[in-house]
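Written out below as structure tokens is the structure these notes cover.
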């Protein structure tokens with residue numbers, strides 16, 4: 001039960017010296033995902049709704065690469081550049097976590113890589 005780096009072409013490749021995710025035992029720690037297209041590495045969407053959906057699709061791909069799903073997520077951290085869009089982000093987020101959602105914190109930040117409006121990192125657990 002050592003440390004295993006999680007990689008997938010279904011999510012954007014790391015844009016720096018970090019792993020897409022790291023699995024240790026039953027735990028998975030995902031690096032922050034921004035709304036990049038996995039194939040092109042380009043920012044997807046102008047609206048917070050489009051960007052949130054792209055981020056969560058990237059998250060799903062990484063979870064699948066680790067043999068997990070959204071149901072295994074225990075904690076999310078959401079970073080947003082405009083908290084006035086919190087309600088719109090929540091509408092999309094709620095579709096991905098329709099019942100028993102994970103614990104979450106949302107933080108307003110001045111800026112994100114590549115001009116993204118949102119970034120999500122998370123921790124998942126599967127026994």
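The values are calculated or read from the model by the stated rules, or taken from the named source; none is laboratory data. Since this is a predicted model, take the numbers as computed values, not measurements. Counting neighbours? That spans all protein chains shown, and the Cβs are built from the backbone with ideal geometry, glycine included.
Determine whether the stretch 41-48 contains at least one residue that is modelled with pLDDT under 95, surrounded by fewer than 16 Cβ atoms within 10 Å (Cβ to Cβ) and in a loop (DSSP other than H, G, I, E, B).
Yes; the residues of the stretch 41-48 include at least one that is modelled with pLDDT under 95, surrounded by fewer than 16 Cβ atoms within 10 Å (Cβ to Cβ) and in a loop (DSSP other than H, G, I, E, B).
Residues that are over 16 Å from residue 71 (Cα atoms), in a strand (DSSP E or B) and out of contact with any helix residue (DSSP H, G or I) (no Cβ under 8 Å at 6 or more places or on another chain) are absent from the stretch 90-103. Cβ-Cβ contacts under 6 Å between residues 6 or more apart (or on different chains), taken from a first residue in the stretch 98-122 that is on the phi > 0 side of the Ramachandran plot to a second residue that is assigned to a strand (DSSP E or B) and surrounded by 15 or more Cβ atoms within 10 Å (Cβ to Cβ), are listed as 114/43. Considering (1) closer than 16 Å to residue 79 by Cβ; (2) out of contact with any strand residue (DSSP E or B) (no Cβ under 6 Å at 6 or more places or on another chain); (3) surrounded by 18 or more Cβ atoms within 10 Å (Cβ to Cβ), the lone condition that residue 15 does not fulfil carries the number (3).
The set of residues in the stretch 4-27 being part of a strand (DSSP E or B) and either in contact with a helix residue (DSSP H, G or I) (Cβ under 7 Å, 6 or more places away or on another chain) or at pLDDT below 95 (or both) consists of 6, 21. Among residues that are out of contact with any helix residue (DSSP H, G or I) (no Cβ under 8 Å at 6 or more places or on another chain) and at pLDDT below 95, residue 111 is not included.
Between 107, 55, 123, which is in contact with a strand residue (DSSP E or B) (Cβ under 6 Å, 6 or more places away or on another chain) and in a helix (DSSP H, G or I)?
Working: 107 fails: in a helix (DSSP H, G or I); 123 fails: in a helix (DSSP H, G or I).
Testing whether each residue is in contact with a strand residue (DSSP E or B) (Cβ under 6 Å, 6 or more places away or on another chain) and in a helix (DSSP H, G or I) leaves just 55.
For (1) over 11 Å from the mean Cα position of the chain (by Cα); (2) surrounded by 13 or more Cβ atoms within 10 Å (Cβ to Cβ); (3) farther than 28 Å from residue 3 by Cα, each residue gets a yes or a no:
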site	(1), (2), (3)
53	no, yes, yes
63	no, yes, no
72	yes, yes, no
93	no, yes, yes
121	no, yes, no
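With respect to the stated conditions, residue 85 is touching a helix residue (DSSP H, G or I) at 6+ places or on another chain (Cβ under 6 Å) and more than 11 Å from residue 120 (Cα to Cα).
Go through the stretch 61-89 residue by residue and tally those that are part of a helix (DSSP H, G or I) and in contact (Cβ under 8 Å) with a residue 40 or more places away in the chain. Outline the logic, then answer.
Residues of the stretch 61-89 part of a helix (DSSP H, G or I): 61-65, 70-72, 83-89.
Right, trim to in contact (Cβ under 8 Å) with a residue 40 or more places away in the chain and you get 61-65, 72, 88-89.
Qualifying residue count, the stretch 61-89: 8.
Can you tell which of 32, 2, 21, 26 is farther than 30 Å from residue 88 by Cβ and surrounded by 11 or more Cβ atoms within 10 Å (Cβ to Cβ)?
Values: 32 fails: farther than 30 Å from residue 88 by Cβ; 2 fails: surrounded by 11 or more Cβ atoms within 10 Å (Cβ to Cβ); 21 fails: farther than 30 Å from residue 88 by Cβ.
Residue meeting the stated conditions: 26.
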